[in-house]
Amino acid sequence: MVAEDPPQGPPTAGPPRLRQWLVIGAVGVAFAFVAAAHLPDGIKFPGVLTIGLGAVAGWGWGRFGQALEISGRRFLVPVVFTGLLIAELLGAWKHHQDRAEHLREKWQGLRNDPIALAVRDALAQEPENETPEARRERLQRLAEFDERESLRERRLEFHGYLVSRMERLKNRPLTTGYWPEIVWGAEILLGSALGTFLAIAGLRRSAPVSDEAH
């Protein structure tokens, strides 16, 4: 009498298919966030792009997993969250770089303006027989001149990018201190968490179910 083979369990996605889903999905999500830098400025309000795009990217990642029949395993939660978080950071850095490049081109003429440079040089020189009142006025104008240049330099930094996001809102109480960083950090964490939830939820719907005995 020949022994029967043990019953086979439901098929699951093997490591090659799982790696394919992780690599292609992570690259696709990162590309989506970087490409979002070219979207119209009218939709780049705080929360709209970071949280909304995180949710859409996570949902799409989950749909891709459904097509490959990937099951929603617990260890995938931190993996997906990390992938979405890195994509959020890459997208923000791309937005910052594009904005800084645009401002540099916009301000290039101001920095190389010969009249402005001559005025600045004149203010930096101390004339003979200068009265104390004239000296105070000259130094004040020189400080204002340098402060404008320093302000432009700060606007080119990443903090300046975060401040510019808050300035898109009509109410501007969060443009000072570390509030721009706090709001941005909360956004990317929420967007990554929401995207992870939608991705894993999609994978669980695609998990194979064993056949019931008839």
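For first residues located in the stretch 15-29 and of a type in the set (Phe, Trp, Tyr), partners that are in a helix (DSSP H, G or I) and surrounded by 15 or more Cβ atoms within 10 Å (Cβ to Cβ) and lie 6+ apart or on another chain with Cβ distances below 6 Å form the pairs Trp21/Gly65. Pairing residues of the stretch 136-148 that are under 12 Å from Ala124 (Cα atoms) with residues that are surrounded by 14 or more Cβ atoms within 10 Å (Cβ to Cβ), at Cβ distances under 7 Å and at least 6 apart in sequence or on separate chains, gives Arg138/Leu123; Arg141/Leu123; Leu142/Leu123; Phe145/Arg120; Phe145/Leu123. For the stretch 36-45, does any single residue satisfy the condition of being assigned to a helix (DSSP H, G or I), of a type in the set (Phe, Trp, Tyr) and modelled with pLDDT of 60 or more? Checking the stretch 36-45: not a single residue is assigned to a helix (DSSP H, G or I), of a type in the set (Phe, Trp, Tyr) and modelled with pLDDT of 60 or more. A residue that is modelled with pLDDT under 90 and either assigned to a helix (DSSP H, G or I) or of a type in the set (Val, Ile, Thr) (or both) can be found somewhere in the stretch 1-14. Out of curiosity, is Phe33 touching a Leu at 6+ places or on another chain (Cβ under 7 Å), part of a helix (DSSP H, G or I) and modelled with pLDDT under 95? Criteria met by Phe33. Counting only helices (runs of 4 or more DSSP H) wholly contained in the stretch 130-210, the ones carrying 1 or more residues that are at pLDDT below 75 and among the aromatic types (Phe, Trp, Tyr) occupy 132-155.
The values are calculated or read from the model by the stated rules, or taken from the named source; none is laboratory data. Model, not experiment: these values are computed from the prediction. Cβ: placed from backbone, ideal geometry, glycine included. Neighbour counts: every protein chain shown.
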